1. For the structure I just gave you, tell me whether SER144 is surrounded by 24 or more Cβ atoms within 10 Å (Cβ to Cβ) and not in a helix (DSSP H, G or I).
2. Counting only residues that are closer than 14 Å to ALA28 by Cβ and at pLDDT 75 or above, how many does the stretch 144-162 have?
3. Going by the conditions given, is ALA136 under 23 Å from PHE165 (Cα atoms), in contact with a Leu (Cβ under 9 Å, 6 or more places away or on another chain) and of a type in the set (A, V, I, L, M)?
4. Sort out which residues of the stretch 256-272 are farther than 12 Å from ALA70 by Cα and open to solvent by 20 Å² or more (accessible area, probe 1.4 Å), and write them in order of number.
5. Quick check on the stretch 126-149. Is at least one of its residues closer than 24 Å to THR393 by Cβ and of a type in the set (Val, Ile, Thr)?
6. Could you please let me know if SER78 is outside any helix (DSSP H, G or I), open to solvent by less than 40 Å² (accessible area, probe 1.4 Å) and either closer than 28 Å to PHE217 by Cα or not acidic (Asp, Glu) (or both)?
7. Restricting attention to the stretch 81-110, which residues are open to solvent by less than 20 Å² (accessible area, probe 1.4 Å) and either in contact with a strand residue (DSSP E or B) (Cβ under 6 Å, 6 or more places away or on another chain) or among the charged types (D, E, K, R) (or both)?
8. Tell me which helices (runs of 4 or more DSSP H) are completely within the stretch 266-360 and hold 2 or more residues being of a type in the set (A, V, I, L, M), under 15 Å from the mean Cα position of the chain (by Cα) and modelled with pLDDT under 80, or say none if there are none.
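The values are calculated or read from the model by the stated rules, or taken from the named source; none is laboratory data. Quick caveat: nothing in here was measured; it's all calculated off a predicted structure. Note that each Cβ is placed from the backbone with ideal geometry, even for glycine, and that neighbours are counted across all protein chains shown. Surface accessibility is based on the protein's heavy atoms, side chains included, excluding ligands, DNA and RNA. Shrake-Rupley method; radii C 1.70, N 1.55, O 1.52, S 1.80 Å.
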Amino acid sequence: MPSASTGAPTTVGALSSPSPEPTSSRLAPGVPGYRRMSFALFSAGVATFALLYSTQALLPALSDDFGVTASAASWTVSAATGALALCVLPLSGLSERFGRVRLMTVSLVVATVLGLLVPLAPGPEWLVALRAVQGAALAGIPASAMAYLAEEVRPRALVAAIGLFVAGNSIGGMSGRIVTGWVSQAWGWRAALAAVGLMAVVCTLAFRLLLPKARNFTPGSLNPSALARTVRGHLSDPLLMRLYGIGALFMTVFGAVYTVIGYRLVGDPFGLPQGVVGSVFLVYLVGTVASAAAGRLVGRLGRRGALYLAVGTTAAGLLLSLADSLTAVLLGLVLITAGFFAGHAVASSSVSRTATKGRAQASALYQSAYYLGSSAGGTLGAVAFHSGGWAGTVLLGLLAVLGVVSITLYGSYAARARERRPMLTAAAVRH
């Protein structure tokens, strides 16, 4: 992919992206419809993350009400993200056949209706089951959104457009947690989940009213063998596999930290009330800025440089959060959030640019890895917290960060080896 500033090839793990396609019918800043598209997908991102993680800030309250452990309560988050991860690839096939806009609309409507039913769950088993179905419904958004953007937005504006969608994710995650924290403190966790459901209703209406009609979508086939060939092709692409691993590991850190941070803050030495714990998620605003700025970051540092900066920022935040100081913990969360959202925006946009065919499947595989990382991070983070306290959760996060570094370094090494190979061949021919 050409760098925004130099036009030089910029790669992650060092495979160049494909040549840009004709852009005459595509959206970009200043083109009519671009702003409406941005607000529509921003609204979809808000609804998706608000619904998907609606129980995360409520885990201590759920543990108290149902008399379950942190690990058991964490399944109200992990079931939703795990179901999303499993369903995103099959739904991407429907996206290729019936259209991105239609699938995103149906997914948001179904997930929002379920969001209004979740507060009525009579027990933890029902709550986990409803959350799993809700996660499966939400899978239509990541199955379609990245492919929609790759088809409808000009290549040079793609990172910024995806950054805005990811920024909507961060706003949804933040607002959902803040709303549930304060509403739960006043009226209980059921009222808190109902409030998130009503917020999703508003976002769904905004999405449907604002999103422009797709102009570059060509319906594909529902042929399972063709879908399998496309998936095999993506899974055999070394660059895509590295990007999938990076997304999963970044989300493992994020899922672990935000699943158990509420337990740490309501316990000693902090003892914060539920509403204040929910307000801690204001640090998601940092994620909004970081994801929206990802395009400029790539232009200055290149994709690998941007990933290294995201990794370093995340690791620094994890280490800082070990201190028994509320100020240090909050600053650590700021750094973790900024690093995660920057890394996610860079990796996800790289997937959309790398895949020339079956973009929905390429994005779906990334999202599957990403949300499997979230599900694993939430569950493993709760287990680590139960076994070793916050230090156990931090250790899990640092191991995941080390995995991102290893993948990126391997990509750089493989790139240099490929660059040297023609030179060595030419030298051998001369001699």
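1. No.
2. 13
3. yes
4. VAL266, GLY267, ASP268, PRO269, PHE270, GLY271, LEU272
5. So far as the stretch 126-149 goes, yes, one or more of its residues are closer than 24 Å to THR393 by Cβ and of a type in the set (Val, Ile, Thr).
6. Judged against the criteria, SER78 is not a match.
7. Listed by number, the list holds a single entry, ARG100.
8. Passing ranges, in order: 284-292.
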